[in-house]
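Asks: Could you have a look at this structure, given as structure tokens, before my questions?
The values are calculated or read from the model by the stated rules, or taken from the named source; none is laboratory data. These numbers come from a predicted model, not from an experiment. Cβ placement follows ideal geometry from the backbone for every residue including glycine, while neighbour counts extend to all protein chains displayed. Please note that ligands, DNA and RNA were not included when accessible areas were found on the heavy atoms of the full protein model with its side chains. Shrake-Rupley method; radii C 1.70, N 1.55, O 1.52, S 1.80 Å.
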Amino acid sequence: MHRRTNRRAAGVAGSCQARRTGRIRPRKAALAAFALAGVLAAALSAGCAGDSGKTAAKLDPSNPTTITVWDYYNGAQQASFDSLVSEFNSTVGREKGIYVKSKTQGSVPELEKAISNSSASEVGAEEMPNVFSSYADTAYNVQQQGKLVDLTDYFTPDELSNYVPDYLDEGRFDNDDSLYLLPVAKSTEVTMLDETDWEPFAQAAGATIDDLATQEGIAATAKRYYEYTDALTPDVPDDGKAFYGRDSLSNYFIIGMRQMGVDLLAPDADGKAQVNVDKEKIRRLWDNYYIPFVSGYFDAVGKFRSDDVKTGDIICYTGSTASAAYFPDRVVDDNGTHEIGYQIIMPPTFEGGNAVAPQQGAGMAVAKSDKQHEYASCEFLKWFTEKQNNLRFAATSSYLPVRTDANNIDELDSAIRDENLSVSPKTRDCIAMAMDSFDDVELYSLKSFDNAYAARKVLDHSLNDKATANKAAVQAAMAAGQSRTEALEPYVDDAAFEQWYASFCQQLQAAAESTE
């Protein structure tokens with residue numbers, strides 16, 4: 001793939017084809033030519049609008065324009081965002097006549113629901129905010145209603161050239177250069193390991209970190225870990241412990257299929273989803289998640305897998321780079337409390353597949369209102385994503401910067417040092433590994449399409465819900481006196497897969513074709 005600090009710094013957008021598929025390939029000559037055209041266009045537009053984009057508006061510092069911003073941040077992320085908003089209001093905002101009023105909606109689903117209700121003018125819904133955090137799915141739906149600002153009306157090509165082109169692509173919903181979602185912070189996935197509880201198992205079983213490089217390797221290692229922990233209490237049969245879990249099943253499906261050379265969901269020219277459920281490849285997804293899960297080798301207990309590491313239910317998981325801040329320093333379980341170390345590993349690929357990882361993270365969209373509020377909103381976003389501010393927010397909220405001049409570890413370390421930022425070693429190391437991997441990994445994201453959110457819900461729940469229910473059934477059967485082999489048999493044979501596969505295909509196709 002690409003290292004964002006150099007090879008893609010000159011351009012703004014890839015080809016329409018690349019944007020539709022989500023695949024990003026280096027095109028140096030084309031990007032250089034596009035960047036040059038952008039600089040010339042910026043120079044021409046500057047004669048009309050200065051450095052503030054194509055459409056400027058007159059603001060009055062004595063009568064500030066108030067803009068509302070909705071986000072989903074919590075904890076350190078919210079504190080970091082609020083700190084930057086306060087700084088803006090007391091400095092640049094005061095000078096220009098802009099006052100930012102921010103409000104968290106509590107969580108991504110709650111924010112998406114609030115935006116959906118507001119855009120649809122539901123009874124009792126709040127008025128649409130001027131700016132809101134959004135994943136591409138939600139922003140696409142609002143844009144299809146004609147309610148989002150095309151940011152190229154306020155950002156010059158020269159200004160947009162400061163952002164990582166791949167990240168900008170997610171906000172381009174039409175086959176042109178319109179932009180509806182500005183990247184502010186990004187993430188990908190990593191695997192995090194409780195190194196302290198791994199070591200005795202690794203020494204006893206001859207396991208190595210390299211075993212965790214593939215999905216198949218993790219499944220095999222998890223089986224060995226179950227057998228190892230089961231043998232620690234020979235007087236209590238079948239009490240082995242789970243080894244692994246993962247946070248996002250939709251990522252598992254989308255990225256896993258991409259690693260095997262298939263786009264599970266891809267929009268056609270009309271924005272409708274094309275569903276590609278290659279049975280052989282879906283079976284590999286089943287074999288390397290569902291089978292280990294119902295067998296007791298994988299688990300999902302708390303809201304996030306970092307919670308499960310803290311309670312000792314697993315010792316390894318794959319999740320967002322942003323989750324590094326929540327990886328525990330100690331395990332608290334039935335045996336007491338003990339301190340743990342950590343190791344960060346690249347996320348697994350399927351054997352023989354390509355190195356692909358998700359490109360994820362919400363951006364910011366601007367709702368249509370009037371020129372004054374739209375202009376003020378974009379001025380805030382420009383300030384918020386300036387290099388030092390972008391680095392501060394990224395470092396203190398466990399995200400990756402979105403600017404080309406900020407995406408290297410030296411810049412991050414300088415910001416941490418110069419700004420005296422409080423950043424955990426886990427967060428810093430996780431961001432560093434992600435940055436270091438960009439040359440070797442394809443970062444992939446689905447291009448937005450109708451009903452993308454509904455399709456993702458199927459991917460998140462179909463296999464996971466079945467695995468959870470069937471694991472409980474296996475445990476109940478064992479408690480009733482069946483052997484582990486007997487209890488597992490009805491849930492792990494070919495018939496079980498065939499039944500689920502037929503249901504999964506129907507659910508996914510129905511979600512993609514929904515007219516609701």
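Asks: Confirm whether Ser369 is open to solvent by 20 Å² or more (accessible area, probe 1.4 Å), out of contact with any Lys or Arg (no Cβ under 7 Å at 6 or more places or on another chain) and without any contact (Cβ under 8 Å) to a residue 40 or more places away in the chain.
Replies: Criteria not met by Ser369.
Asks: Open to solvent by 10 Å² or more (accessible area, probe 1.4 Å), under 29 Å from Ala454 (Cβ atoms) and among the hydroxyl-bearing types (Ser, Thr, Tyr): does that describe Tyr135?
Replies: Against the criterion (open to solvent by 10 Å² or more (accessible area, probe 1.4 Å), under 29 Å from Ala454 (Cβ atoms) and among the hydroxyl-bearing types (Ser, Thr, Tyr)), Tyr135 qualifies.
Asks: Filter the strands (runs of 3 or more DSSP E) completely within segment 224-338 down to those with at least 2 residues that are crowded, with 19+ Cβ neighbours inside 10 Å and in contact with a helix residue (DSSP H, G or I) (Cβ under 7 Å, 6 or more places away or on another chain).
Replies: In segment 224-338, 244-246, 265-267, 316-320 are the strands (runs of 3 or more DSSP E) which contain 2 or more residues that are crowded, with 19+ Cβ neighbours inside 10 Å and in contact with a helix residue (DSSP H, G or I) (Cβ under 7 Å, 6 or more places away or on another chain).
Asks: Out of (1) at pLDDT 90 or above; (2) touching a Pro at 6+ places or on another chain (Cβ under 6 Å); (3) part of a loop (DSSP other than H, G, I, E, B), what's the single condition that is false for Leu391?
Replies: (3)
Asks: Please verify whether segment 8-24 includes one or more residues that are under 28 Å from the mean Cα position of the chain (by Cα), of a type in the set (A, V, I, L, M, F, W, C), modelled with pLDDT under 90 and assigned to a helix (DSSP H, G or I).
Replies: Within segment 8-24, one or more residues are under 28 Å from the mean Cα position of the chain (by Cα), of a type in the set (A, V, I, L, M, F, W, C), modelled with pLDDT under 90 and assigned to a helix (DSSP H, G or I).
Asks: Kindly list the number of the only condition in (1) of a type outside the set (Lys, Arg); (2) part of a loop (DSSP other than H, G, I, E, B); (3) in contact with a strand residue (DSSP E or B) (Cβ under 9 Å, 6 or more places away or on another chain) that fails for Asp166.
Replies: (2)
Asks: With among the small types (Gly, Ala, Ser) and open to solvent by 10 Å² or more (accessible area, probe 1.4 Å) as the only criterion, which of Ala455, Ala473, Ala406, Ala415 stands out?
Replies: Only one candidate qualifies: Ala473.
Asks: Might you check whether a residue that is surrounded by 19 or more Cβ atoms within 10 Å (Cβ to Cβ) and among the hydrophobic types (A, V, I, L, M, F, W, C) occurs anywhere in segment 118-127?
Replies: no
Asks: Quick check on my filter: what residues within segment 88-106 are open to solvent by 30 Å² or more (accessible area, probe 1.4 Å) and touching a residue at least 24 places away in the same chain (Cβ under 8 Å)?
Replies: Those that are open to solvent by 30 Å² or more (accessible area, probe 1.4 Å) and touching a residue at least 24 places away in the same chain (Cβ under 8 Å): Val92, Arg94, Glu95, Lys96, Tyr99, Lys101, Ser102, Lys103, Thr104, Gln105.
Asks: Let me ask another. Looking only at segment 190-210, filter to residues that are buried (at least 17 other Cβ atoms within 10 Å of the Cβ) and among the charged types (D, E, K, R); which one of those is farthest from Glu351 (Cα to Cα)?
Replies: If we take residues in segment 190-210 being buried (at least 17 other Cβ atoms within 10 Å of the Cβ) and among the charged types (D, E, K, R), then Asp197 is farthest from Glu351 (Cα to Cα).
Asks: Within the set of pairs 6 or more residues apart or between chains, which connect a residue that is closer than 27 Å to Lys272 by Cα inside segment 453-475 to a residue that is open to solvent by 30 Å² or more (accessible area, probe 1.4 Å) and modelled with pLDDT under 95 with Cβ atoms less than 6 Å apart?
Replies: Listed pairs, sorted by first residue: Ala454/Ser514.
Asks: Moving to a separate point now. Among Gly97, Gly93, Gly75, Gly106, which is over 14 Å from Pro129 (Cβ atoms) and in contact with a Leu (Cβ under 9 Å, 6 or more places away or on another chain)?
Replies: Answer to the check: Gly97.
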